[in-house]
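A.B. asks: Before we start, here is the structure in question, set down as structure tokens.
A short reminder: the numbers here are calculations on the coordinates, not readings from a lab. Here the structure is a predicted model, which means the values were calculated and not measured. Cβ placement follows ideal geometry from the backbone for every residue including glycine, while neighbour counts extend to all protein chains displayed.
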């Protein structure tokens with residue numbers, strides 16, 4: 001057992017910590033010690049149950065990188081349980097989204113972000129969360145209330161009333177776009193998040209910078225390739 005302890009501790013770079021008491025270890029060191037204790041038993045799988053939930057933001061970021069490096073080093077299948085979407089997106093090769101005990105979607109981070117199977121997944125993954133708007137199709141035009149959002153050249157959707165989703169970062173400014181009223185500004189450091197009102201529905205847009213100071217209205221455009229369509233009754237993605 002002593003040889004196994006030395007072998008594992010050296011592999012994880014904690015061999016110099018063996019004589020230290022738990023109270024003197026940093027968060028990252030404690031995490032590696034916990035992994036080492038499990039490794040001694042030669043596990044087929046690791047289970048991490050929200051290991052970073054009680055840590056401050058800076059330490060969480062540091063330990064996420066530690067865990068990512070450990071996973072690459074050890075090459076052991078790992079099941080990581082978290083409510084933090086950032087952890088799931090940055091650490092996971094495949095993600096399972098669960099709501100009320102039911103699996104909503106399984107896929108890579110890219111698949112889940114770009115093609116969420118339903119509205120729950122769409123709003124859960126991504127920050128700011130995806131905009132979901134009530135919409136309808138009239139004479140090949142995609143409408144939100146009485147405002148024309150897009151013209152559908154070859155509409156395949158049969159539902160007159162549906163819901164559409166678009167991420168705040170995918171909405172762009174356009175002089176002849178849809179006029180919206182600005183409700184608030186939220187400065188995020190690297191970007192601005194504006195809360196808008198389109199007809200009677202709320203909408204978020206993320207901009208790298210404001211066009212010309214703070215305004216009361218703004219004109220926006222929805223790129224058709226960035227719009228997702230969901231059925232109105234169950235909220236499932238429409239192909």
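A.B. asks: Full extension from residue 42 to residue 208: what is 0.36 nm times the residue separation minus their Cα-Cα distance, to one decimal in nm?
C.D. replies: Length difference between fully extended and current span is 55.0 nm.
A.B. asks: So I have (i) 161; (ii) 242; (iii) 131, and one of them is volume of the Cα convex hull per residue in Å³ calculated from this model. Which one is it?
C.D. replies: Correct label is (i).
A.B. asks: Here is a further query. Mind telling me which of 80, 187, 127 comes out most flexible in a GNM of the chain, alpha-carbon contacts under 10 Å?
C.D. replies: Judging by the Gaussian network model, the answer is 187.
A.B. asks: First measure r as the distance between the Cβ atoms of residue 172 and residue 96, then evaluate 1/(1 + (r/R0)^6) with R0 = 25 Å and state the FRET efficiency to the nearest 0.05.
C.D. replies: Efficiency, rounded to the nearest 0.05: 0.15.
A.B. asks: Same structure, new question: Suppose R0 equals 30 Å; then what is the FRET efficiency for residue 34 and residue 182 from their Cβ-Cβ distance, rounded to the nearest 0.05?
C.D. replies: The formula returns an efficiency of 0.05 here.
A.B. asks: Assign one of three labels to segment 2-93, namely rounded, prolate or oblate, based on the Cα gyration tensor with a ≥ b ≥ c the square roots of its eigenvalues; rounded applies when a/c is under 1.5, prolate when it is not and a/b is larger than b/c, and oblate otherwise.
C.D. replies: oblate
A.B. asks: Mind telling me which of 18, 63, 39 comes out most flexible in a GNM of the chain, alpha-carbon contacts under 10 Å?
C.D. replies: Checking each option, the largest mean-square fluctuation is seen for 18.
A.B. asks: So, one more: Please build a GNM for the chain, connecting alpha carbons under 10 Å apart, and tell me which residue among 123, 136, 174 fluctuates the most.
C.D. replies: Looking only at 123, 136, 174, the biggest GNM fluctuation is shown by 174.
A.B. asks: Counting only helical runs of four or more DSSP H residues, what would the 222 nm mean residue ellipticity of the chain come to if each run contributes -39,500 (n - 2.57) and the total is spread over all its residues?
C.D. replies: The helix-only estimate for the chain comes to -7500 deg cm²/dmol at 222 nm.
A.B. asks: Round to a whole angstrom and tell me the spacing of the C-alpha centers of segment 192-216 and segment 223-238.
C.D. replies: Between the Cα centre of segment 192-216 and that of segment 223-238, the gap is 22 Å.
A.B. asks: Could you check the spin-label model distance between residue 74 and residue 127? Points 7 Å from the Cα along Cα→Cβ, value in nm.
C.D. replies: According to this spin-label approximation, the distance is 2.6 nm.
A.B. asks: Need one number: % antiparallel among DSSP beta bridges in the chain, to the nearest 5.
C.D. replies: Rounded to the nearest five, the antiparallel share is 90 percent.
A.B. asks: To check my understanding: the extent here is largest minus smallest coordinate of the Cα atoms along each principal axis. What are those three numbers for segment 131-231, in Å, largest first?
C.D. replies: 42, 21, 21
A.B. asks: For segment 65-155, rounded, prolate or oblate, judged on the Cα gyration tensor with a ≥ b ≥ c (square roots of eigenvalues), a/c < 1.5 rounded, else prolate if a/b > b/c?
C.D. replies: prolate
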